[in-house]
Amino acid sequence: MTTTRRTLLAGAALAASFALSPAFAQGQTEIELFFPVPVDGQLARDMATLLKEFNEKNPSIKATPVYTGSYDETLIKTRAAMKAGKPPAAVIMSANFLLDLKIEGEIQPMDALIKADGKTNDQFMGQFFDALHGNAVLDRQVYGVPFHNSTPLLYVNTDHLKEAGLDPDKLPANWEELVTTAKKLTRRDGDRVTRWGMMMPSNYDYGGWILQALTHSNGGQWFNVDYGGEVYYDTPSMLGALTFWSDLVSKHKVHPAGVQAGGAVSSAFLSGQASMMLLSTGSLTHIRTNAKFPYKVAFVPKNVKNEVPIGGASLVIPTGVEGERRKAAWTLINWMTSPEKSGWWSRATGYFAPNKAAYDTAEMKAFIEKNPDAGIAVSQLAFAKPWFATYRTVPVRKAIEDELAAVLSAKKTPKEALVAAQKQADEIMRPYVEQTALKLPTN
Amino acid sequence: MAQAVFTAGRTSAWSAPRWRPRQASVLAFALLAPSLLFLALFTYWPVAQVLWQSMHGQIRVGGPQAYVGLDNFQKLLADAAFRKALVNNLVYALGTVIPSLVLALGFAMALVKTTRVNALFRALFFLPVLIPLVAAASIFLFLFLPNVGLIDYHLAKLAISGPNWLGDPDIALWSIMALTIWKNAGYYMLFFLAGLQAVPADAYEAAILDGAGPWQRLRYVTLPYLKPTIGFVLVIGLLNVVTQVDHVFVLTKGGPSDSTNLLLFYVYQQAVENYDAGRAAAGTLVMLALLLVVTASSLRTLERSFGEKEP
């Protein structure tokens, strides 16, 4: 009859917890944190672990993690919650949406909170890598606290390199080497390709970021970092980047045609059907746990210079979150971005810890010693630039992503695509441009 | 219903002409009230809101809503993505409703006899209907994966390099249509099974005595009897085509290059991604008008086929 007794005990415990919970709830500030899962892996589970610990350490706050899908979907759901008059207390928001949210007046600056802690904005931001400031500090006000960040990274299956008679210690460092290596790695059976030398994700959200990385490596700019109404789609550096990608598909035939989703790229790499890929550092842990072969990572190969955009997300507080909830959100944000916690999150996911001090902790030193690939990802941050951000970032980005899809499917030449993308992006940003840069004094 | 109440009121009206008709209409409205309330709350009021929204929009960036007249409609018609979605929706409608209908009729005719094997097959064909659309789309997402997906994997065994099902603008819409047909054929089969069972056996007997072959029996007996069912399935199918976008959301998000963008998804994009409530409302109104035309004409055809004398 042990089962009965156990059931009884469990019932009693349950009843006790019900009886106790109102007492606990009193004086507790309930907040919710919207969080996305943009890459492969177990991020949702890790987030639950993280917030459980926070709640245990901060009994006066009850923070609930709310999974909100991809970066784009998180933006949509946050805006929907705000329209419904129930803004979440904090959101892990794709770093490049902050400018758009600021223009629309949907997130609040954190300057007062920072000042209340006895710090200046510069002191507060000083704890994070310099490359992350561009997408967090807007017009000298702090709108976001970097939480996890990434850059694209070249992943290479070293078994395939050896099979092809190449030196696994010498990974492609520039575009030329990338092409020759990819050609040697690609396997064909007649006209049919059985293994791709190179793959890059081109689905919405991912494609624009990868193309920005190629543009930076080609010496280009992509967008006006200081002004939300200007993108440089129809420029030589972008033409070079897009032509390079298009050539991998149509000319060298080492990269599959059409749109490839991020998940399809990592699956192909893990199953040995692709030898090299460009993917986020955020996928490091997923690849490390699932790869049944030795692999190495390297900087994104350059054409003109080593330069990549940052990716990842920052913590923001929506407009309308006030009083106790704002204070509680700030406590949560500071806790999550502390050296220890951002280090823990980085080890769990593969993202960078944006807090520089995280890399001075003993756990992190031991971790990087054991996983040198994580170290390479960090060193690339020195070459990172802000992520593309304008007024209405998502449609402006989609304008080029739709054209990228057309080029990768051989429907348009790179030049045609860029002209069309530029025209559409300018059209989308026109209201902002007309009300800011073009609004000149009349008398 | 309303007609029945009216007649009842009139027959008894002879005895008390002064108040009975009024009481009858009170009763009619009382009976209709719950439906009217819900219609007003969930249909007419939102339509009125959409009408208002379609003529309003942000004039200043980050500013409040203001009256903009027909601006939103002009922008809508000037948008290539909208015209593309319109065409896609038409292709999608014709390309899914008719094949699902033909398939469903085929299944139903093959499985109309109640045997144990047929019962099993009916269940198998009906299975896709039970799977939620988002779940079905997630399954197809893996089937359609280029290179590593189940379809391409098996094609590779036959030394065929499978296409990029969802990543090629020429193929993506057809891939999505395949999912829709797979999902809907079993559902429509149910209606046809019911319709077929209502065809009197002596009609077939007579046809056979007259020397009709299988095609003639289908053409002159089965199809005429099924006319109302076909009409009904057509209406349901066309409504589904416009109101379902879950699979587009899961599979392609309207891409690549808007090749799988459908009207409702376009409206969603304008409203939540581009943050343009005015244009989304204008798009909704265009969709509403199209739906009205489709249902009105279908219902008229339906009525006509119901009104016809039995063959």
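Quick notes on this one:
- You will find that of A:Pro109, A:Pro88, A:Pro59, the residue that is crowded, with 23+ Cβ neighbours inside 10 Å, more than 13 Å from every other protein chain (Cβ to nearest Cβ) and part of a loop (DSSP other than H, G, I, E, B) is A:Pro88 and no other.
- Criterion applied to A:Ala213, A:Ala173 was being out of contact with any helix residue (DSSP H, G or I) (no Cβ under 9 Å at 6 or more places or on another chain), of a type in the set (A, V, I, L, M) and within 21 Å of A:Thr281 (Cβ to Cβ), and the one residue passing it is A:Ala173.
- Segments classed as helices (runs of 4 or more DSSP H), wholly inside the stretch A:120-199, with at least 1 members that are open to solvent by 10 Å² or more (accessible area, probe 1.4 Å), within 30 Å of A:Ser94 (Cα to Cα) and away from every other protein chain (no Cβ under 14 Å): A:121-125, A:175-185
- Residue count for the stretch A:423-443 under the criterion of being more than 16 Å from A:Thr393 (Cβ to Cβ) and in contact with an Asp or Glu (Cβ under 9 Å, 6 or more places away or on another chain): the result is 2.
- Those helices (runs of 4 or more DSSP H) of the stretch A:353-424 in which 2 or more residues are more than 14 Å from every other protein chain (Cβ to nearest Cβ) and of a type in the set (A, V, I, L, M) occupy A:362-370, A:372-380.
- Selection status of B:Leu111, of a type in the set (A, V, I, L, M, F, W, C), over 25 Å from B:Val241 (Cα atoms) and open to solvent by less than 40 Å² (accessible area, probe 1.4 Å): yes
- Number of the exception - A:Ala95 against (1) closer than 17 Å to A:Asn355 by Cα; (2) open to solvent by 20 Å² or more (accessible area, probe 1.4 Å); (3) of a type in the set (A, V, I, L, M, F, W, C): (2)
- Elements of type helices (runs of 4 or more DSSP H) contained in the stretch B:204-311, each with 3 or more residues being in contact (Cβ under 8 Å) with a residue 12 or more places away in the chain: B:223-243, B:246-251, B:263-268, B:277-307
- Where a residue in the stretch B:49-67 is touching a residue at least 40 places away in the same chain (Cβ under 8 Å) and more than 9 Å from chain A (Cβ to nearest Cβ) and its partner, wherever it lies, is among the aromatic types (Phe, Trp, Tyr) and loosely packed, with under 14 Cβ neighbours inside 10 Å, with Cβ under 8 Å and at least six apart: B:Met55/B:Tyr67; B:His56/B:Tyr67
- Test: A:Leu51 is hydrophobic (A, V, I, L, M, F, W, C), closer than 23 Å to A:Gly282 by Cα and within 14 Å of chain B (Cβ to nearest Cβ): no
- Index of the failed condition, B:Tyr188 passing every other in (1) open to solvent by 60 Å² or more (accessible area, probe 1.4 Å); (2) more than 14 Å from chain A (Cβ to nearest Cβ); (3) assigned to a helix (DSSP H, G or I): (1)
- Some residue of the stretch B:152-161 being within 14 Å of another protein chain (Cβ to nearest Cβ), among the charged types (D, E, K, R) and open to solvent by 30 Å² or more (accessible area, probe 1.4 Å): yes
Table: residues versus (1) in a helix (DSSP H, G or I); (2) modelled with pLDDT of 90 or more; (3) not charged (D, E, K, R).
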position: A:Ser21; (1), (2), (3): yes, no, yes
position: A:Phe24; (1), (2), (3): yes, no, yes
position: A:Ile31; (1), (2), (3): no, yes, yes
position: A:Glu53; (1), (2), (3): yes, yes, no
position: A:Met93; (1), (2), (3): no, yes, yes
position: A:Leu99; (1), (2), (3): yes, yes, yes
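- Being under 28 Å from A:Ser70 (Cα atoms), within 12 Å of another protein chain (Cβ to nearest Cβ) and modelled with pLDDT of 95 or more is a description that does not apply to A:Val231.
- Looking only at residues of the stretch B:246-263 that are surrounded by fewer than 21 Cβ atoms within 10 Å (Cβ to Cβ) and hydrophobic (A, V, I, L, M, F, W, C), we find that the one that is farthest from the other protein chains (Cβ to nearest Cβ) is B:Val250.
- Residues in the stretch B:269-282 that are at the interface with chain A (Cβ under 9 Å from one of its Cβ atoms), open to solvent by 40 Å² or more (accessible area, probe 1.4 Å) and at negative phi: B:Val272 alone.
- Qualifying residue in the stretch B:27-45 (condition: within 14 Å of chain A (Cβ to nearest Cβ), outside any loop (DSSP other than H, G, I, E, B) and open to solvent by 50 Å² or more (accessible area, probe 1.4 Å)): no
- So A:Gly312, is it at pLDDT below 95, of a type in the set (Gly, Ala, Ser) and within 18 Å of the chain's Cα centre (by Cα): yes
- Residue match in the stretch B:169-180 (condition: open to solvent by 20 Å² or more (accessible area, probe 1.4 Å), aliphatic (A, V, I, L, M), outside any helix (DSSP H, G or I) and away from chain A (no Cβ under 14 Å)): no
- Sub-7 Å Cβ pairs linking a first residue in the stretch A:96-123 that is within 19 Å of A:Gly323 (Cα to Cα) to a second residue that is of a type in the set (Val, Ile, Thr) and open to solvent by 20 Å² or more (accessible area, probe 1.4 Å), at least 6 apart or interchain, are A:Gly105/A:Thr319; A:Glu106/A:Thr319; A:Ile107/A:Thr319; A:Gln108/A:Thr319, ordered by first then second residue.
- Qualifying positions in the stretch B:134-146 - assigned to a helix (DSSP H, G or I), in contact (Cβ under 8 Å) with a residue 40 or more places away in the chain and either within 12 Å of chain A (Cβ to nearest Cβ) or open to solvent by 30 Å² or more (accessible area, probe 1.4 Å) (or both): B:Val134, B:Ser138, B:Leu141
- Here B:Leu166 clears all of (1) under 24 Å from the mean Cα position of the chain (by Cα); (2) open to solvent by 40 Å² or more (accessible area, probe 1.4 Å); (3) within 14 Å of chain A (Cβ to nearest Cβ) except the condition numbered (2).
- Residue within the stretch B:152-168 that is modelled with pLDDT of 90 or more and either part of a helix (DSSP H, G or I) or at positive phi (or both) present: no
For every residue, the table says whether it meets (1) closer than 24 Å to B:Thr252 by Cα; (2) within 12 Å of chain B (Cβ to nearest Cβ); (3) touching a residue at least 40 places away in the same chain (Cβ under 8 Å); (4) open to solvent by 20 Å² or more (accessible area, probe 1.4 Å).
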{"residue": "A:Leu248", "(1), (2), (3), (4)": "yes, no, yes, no"}
{"residue": "A:His252", "(1), (2), (3), (4)": "no, no, yes, yes"}
{"residue": "A:His255", "(1), (2), (3), (4)": "yes, yes, yes, no"}
{"residue": "A:Ala261", "(1), (2), (3), (4)": "yes, yes, yes, yes"}
{"residue": "A:Gln273", "(1), (2), (3), (4)": "yes, yes, yes, yes"}
{"residue": "A:Leu284", "(1), (2), (3), (4)": "no, no, yes, no"}
{"residue": "A:Arg288", "(1), (2), (3), (4)": "no, no, yes, yes"}
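- Residue match in the stretch B:84-97 (condition: within 14 Å of another protein chain (Cβ to nearest Cβ), small (Gly, Ala, Ser) and in a helix (DSSP H, G or I)): yes
- The residue list A:Asp234, A:Asp247 contains one member that is among the acidic types (Asp, Glu) and assigned to a loop (DSSP other than H, G, I, E, B), which is A:Asp234.
The values are calculated or read from the model by the stated rules, or taken from the named source; none is laboratory data. This one's a predicted model, so the numbers in the text were calculated from it and none came from an experiment. We place every Cβ from the backbone using ideal geometry, glycine too, and count neighbours over all the protein chains shown. Each accessible area value is taken on the protein alone, full model and side chains, heavy atoms only, with ligands, DNA and RNA left out. Shrake-Rupley method; radii C 1.70, N 1.55, O 1.52, S 1.80 Å.
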